[in-house]
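One structure is given here, and the rest of the page talks about it.
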Amino acid sequence: MSNGAITTTAAGLAGQTIKPKVSSEDWIMRAVLVGIALYLLITMVFPLYAILSKSFENPDGVFIGLSNYIKFFSTPALFWSIQNSLTVTLITTFIVVPLAFVFAYALTRSCMPFKGLFKGIALIPILMPSLLPAIALVYLFGAQGLIKGALMGQELYGPIGIVMGECIFVFPHVLTILLIAMANADARLYEAAQVLGAGKIKTFFTVTLPGVRYGLVSAFFVGFTLVITDFGVPKVLGGKYNVLATDIYKQVVGRLDFEMGAVVGMVLLVPAVAAFFADRIAQSRQVALLSARAVPYEPKPSRRFDMMMMGFCMLIGALILTVLGTAAFASVAKLWPYNLSFSLNHYDFDLMDGGGWDSYFNTLELAAWVAVIGTMAVFTGAYLVEKSKGFETGRSMMQFLCMIPMAVPGLVLGLAYIFFFNDPDNPLGFIYHTMPILVICTVTHFYTVSHLTAVTALKQMDPEFEAVSSSLKVPFYRTFIRVTVPVCLPAILDISMYLFVNAMTTVSAVVFLYSPDTALASVAMLNMDDAGDTAPAAAMGMLIVGTAAGVRLVHMLLSHGLLRRTQAWRYR
């Protein structure tokens, strides 16, 4: 071949785009990724489409357009629920965010003693079903309450009670976000402010607040979403003050009006989705607070300031412990408030209307399955999204699907499952009213936070691990099991614990899906409270709290030794 021909051939090859060959391992990874994506489509997208379709139909399944929505907005009692929901949600959020900010500021910017103790106390409500603080408030401020006169004649059942209960329920969630936002700060900024003569107040407004502003925005929207979608507190303390979450329950369970329940569900979905996207925008604008040259901030002792912060934390801690202690005392008091002697009669759940001890063991089974199956599915999916090669469109779609569950309230998801899985034409209908559908619903409901936790851990791993393994012809699954999983074990354990605790305490997503054989402890609390067995409901709530706390403690002790062996490389 002549030099001219060779040159022409080379030029032609250079003008072509040579696509990398897709290996058999890549096909396997893509197949698994598609499988998880199909799971999310079946358990999230299709049910949401089912509830959307139902909102445009009459009881006979005939399409009637916007008639149901017109009926909703023209019915004052239903329409006012929107205003009521927004009112209690905004009031609660504007109360909780400043309180949590000061608490987080005390833990990160002061030298007060017992920080670990106060943080642990502040996070206790995470272990409670939202029904429990509401029940405790009834024993404190209700008609037979310990301090019933403290509300100065105001009615507990209504907006005041809802706001009080939601503040306790939401506080630890907002605090966690603010603690993360304040965890990292560059000491050089504070030193510069001091050198320039800025006082503490000016430094606070020019250095501290700008550094955590996106954390504050995220905390606000997370608190907003949790309150407006919560079902437990308004169910116990709402009284005649209707909100969207309780309206869904009343329409479906009370009136069997599934079409109007679907409409209310779609209306509730709007503010939840709006808050979700606003939170995503705020987080996308968050910038790194620590550069490679940054100096970690260490607070300096100040007796007066430290004592003030400790006093504030003691006040918040005392309120939380009072609520928990009241519920615990009510569960063992023989006959409130006439006979306060010790008795375990309220723990004889088999004599109560609600579900008996079987509901508690069902909850343990649910939480165990959710922790195991959910952790495996979530971490595998996150690994394939973050570490697999090529298939950019599929990975982007998977990432989008993983974000959807966070924007969907539990009640809406549970109602959507009724319409989708209870459809006679659905071949998956056989799992309706079984334990598998409760596991599927719970895993899907809490998928997003778990996925983000896994992705964050995986992003900290250098891509060279996979590159070296590929060059050495090591199968990806071997690298995944022997390198990725051990390195990310702390995140994996956190995910499993997060899923377990939420499965123990959730009520909104499963309240429409259980059967007499699969009743759960949180649902039993709801049923006992409805039947007037408030003390047994408190007892079941304390059993949930004690179990979640005990499992968390055992989890911490068992994982300590495991982490020492697998994470020894992190320490000198």
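The values are calculated or read from the model by the stated rules, or taken from the named source; none is laboratory data. Every value quoted in this text rests on a predicted model; they were computed, and no experiment measured them. Here Cβ is always computed from backbone atoms with ideal geometry, including for glycine, and neighbour counts include all displayed protein chains.
Does the stretch 512-531 contain at least one residue that is surrounded by 19 or more Cβ atoms within 10 Å (Cβ to Cβ), assigned to a helix (DSSP H, G or I), charged (D, E, K, R) and under 25 Å from the mean Cα position of the chain (by Cα)? Yes - at least one qualifying residue is present in the stretch 512-531. The set of residues in the stretch 108-123 that are over 19 Å from A548 (Cβ atoms) and in a loop (DSSP other than H, G, I, E, B) comprises S110, C111, M112, P113, F114. With respect to the conditions (1) surrounded by fewer than 23 Cβ atoms within 10 Å (Cβ to Cβ); (2) within 28 Å of A274 (Cβ to Cβ); (3) not polar (S, T, N, Q), A368 lacks only one, and its number is (2).
Can you tell me which residues in the stretch 100-117 are surrounded by 14 or more Cβ atoms within 10 Å (Cβ to Cβ) and over 23 Å from F220 (Cβ atoms)? Those that are surrounded by 14 or more Cβ atoms within 10 Å (Cβ to Cβ) and over 23 Å from F220 (Cβ atoms): S110, C111, M112, K115.
Based on what the data block shows, is G254 at pLDDT below 90, over 28 Å from L452 (Cβ atoms), surrounded by fewer than 20 Cβ atoms within 10 Å (Cβ to Cβ) and touching a Gly at 6+ places or on another chain (Cβ under 7 Å)? It is false that G254 is at pLDDT below 90, over 28 Å from L452 (Cβ atoms), surrounded by fewer than 20 Cβ atoms within 10 Å (Cβ to Cβ) and touching a Gly at 6+ places or on another chain (Cβ under 7 Å). Residues that are more than 30 Å from G223 (Cα to Cα) and of a type in the set (V, I, T) within the stretch 71-88 are absent altogether. Looking at R572, R478, R552, just one residue is at pLDDT below 85 and in a helix (DSSP H, G or I), and that residue is R478. Might you check whether a residue that is part of a helix (DSSP H, G or I), among the small types (G, A, S) and either more than 28 Å from A330 (Cα to Cα) or touching a strand residue (DSSP E or B) at 6+ places or on another chain (Cβ under 8 Å) (or both) occurs anywhere in the stretch 481-496? Within the stretch 481-496 (the criterion being part of a helix (DSSP H, G or I), among the small types (G, A, S) and either more than 28 Å from A330 (Cα to Cα) or touching a strand residue (DSSP E or B) at 6+ places or on another chain (Cβ under 8 Å) (or both)), the answer is yes, since at least one residue qualifies. Does A288 count as modelled with pLDDT under 90 and within 30 Å of A50 (Cα to Cα)? Spelling it out, it is not the case that A288 is modelled with pLDDT under 90 and within 30 Å of A50 (Cα to Cα).
Considering the conditions (1) surrounded by fewer than 21 Cβ atoms within 10 Å (Cβ to Cβ); (2) modelled with pLDDT of 90 or more; (3) of a type in the set (D, E, K, R), K235 is excluded by exactly one of them, (1). For the stretch 152-187, give me each residue that is farther than 27 Å from F220 by Cβ and without any contact (Cβ under 8 Å) to a residue 24 or more places away in the chain. If the condition is that a residue be farther than 27 Å from F220 by Cβ and without any contact (Cβ under 8 Å) to a residue 24 or more places away in the chain, then M152, G153 are the ones that fit. Can you name every residue in the stretch 515-550 that is over 25 Å from T434 (Cα atoms) and polar (S, T, N, Q)? T534 - this is the single residue of the stretch 515-550 that is over 25 Å from T434 (Cα atoms) and polar (S, T, N, Q). Within the stretch 1-59, the set of residues being outside any helix (DSSP H, G or I) and modelled with pLDDT under 85 comprises M1, S2, G15, Q16, T17, I18, K19, P20, K21, V22, S23.
Checked against the criterion of being of a type in the set (S, T, Y) and under 25 Å from T506 (Cα atoms), the candidates T92, T108 yield just one match: T92. Exactly one residue out of P113, P133 is out of contact with any Leu (no Cβ under 9 Å at 6 or more places or on another chain) and touching a residue at least 24 places away in the same chain (Cβ under 8 Å), and it is P113. Among the numbered conditions (1) crowded, with 23+ Cβ neighbours inside 10 Å; (2) under 15 Å from V236 (Cβ atoms), the only one that T534 does not meet is (1). Among the residues of the stretch 60-99, the one identified as touching a residue at least 60 places away in the same chain (Cβ under 8 Å) and loosely packed, with under 12 Cβ neighbours inside 10 Å is A77. Of all residues in the stretch 431-456, those that are closer than 26 Å to V485 by Cα have Cβ atoms under 8 Å from Cβ atoms of residues that are outside any helix (DSSP H, G or I) and of a type outside the set (S, T, N, Q), 6 or more apart or on another chain, in C441/A509; C441/V510; C441/L513; T442/A509; T442/V510; H445/V408; H445/A509; A454/C488.
Checked against (1) of a type outside the set (V, I, T); (2) part of a helix (DSSP H, G or I); (3) at pLDDT below 90; (4) over 23 Å from A509 (Cβ atoms), S331 passes all but a single condition, namely (3). The condition (being touching a helix residue (DSSP H, G or I) at 6+ places or on another chain (Cβ under 9 Å), without any contact (Cβ under 8 Å) to a residue 60 or more places away in the chain and more than 18 Å from C441 (Cα to Cα)) is satisfied by just one residue among D494, D533, D529: D494.
Among the residues of the stretch 320-344, those that are under 21 Å from V545 (Cα atoms), exposed (fewer than 13 other Cβ atoms within 10 Å of the Cβ) and free of Cβ contacts under 8 Å to residues at least 12 places away in the same chain comprise G325, F342.
Listed here are the residues, each with its yes/no results for (1) of a type in the set (S, T, N, Q); (2) under 19 Å from the mean Cα position of the chain (by Cα); (3) in a helix (DSSP H, G or I).
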site: T380; (1), (2), (3): yes, no, yes
site: Y383; (1), (2), (3): no, no, yes
site: M397; (1), (2), (3): no, no, yes
site: G414; (1), (2), (3): no, yes, yes
site: F420; (1), (2), (3): no, no, yes
site: T444; (1), (2), (3): yes, yes, yes
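Applying the set (1) hydrophobic (A, V, I, L, M, F, W, C); (2) in contact with a His (Cβ under 7 Å, 6 or more places away or on another chain); (3) modelled with pLDDT of 90 or more to I437 leaves exactly one unmet item: (2). The set of residues from the stretch 221-271 being part of a helix (DSSP H, G or I), small (G, A, S) and in contact with a helix residue (DSSP H, G or I) (Cβ under 9 Å, 6 or more places away or on another chain) comprises G223, G232, A245, G261, A262, G265.
Taking the numbered list (1) part of a helix (DSSP H, G or I); (2) modelled with pLDDT under 90; (3) surrounded by fewer than 23 Cβ atoms within 10 Å (Cβ to Cβ) in turn, D425 passes all entries but (1).
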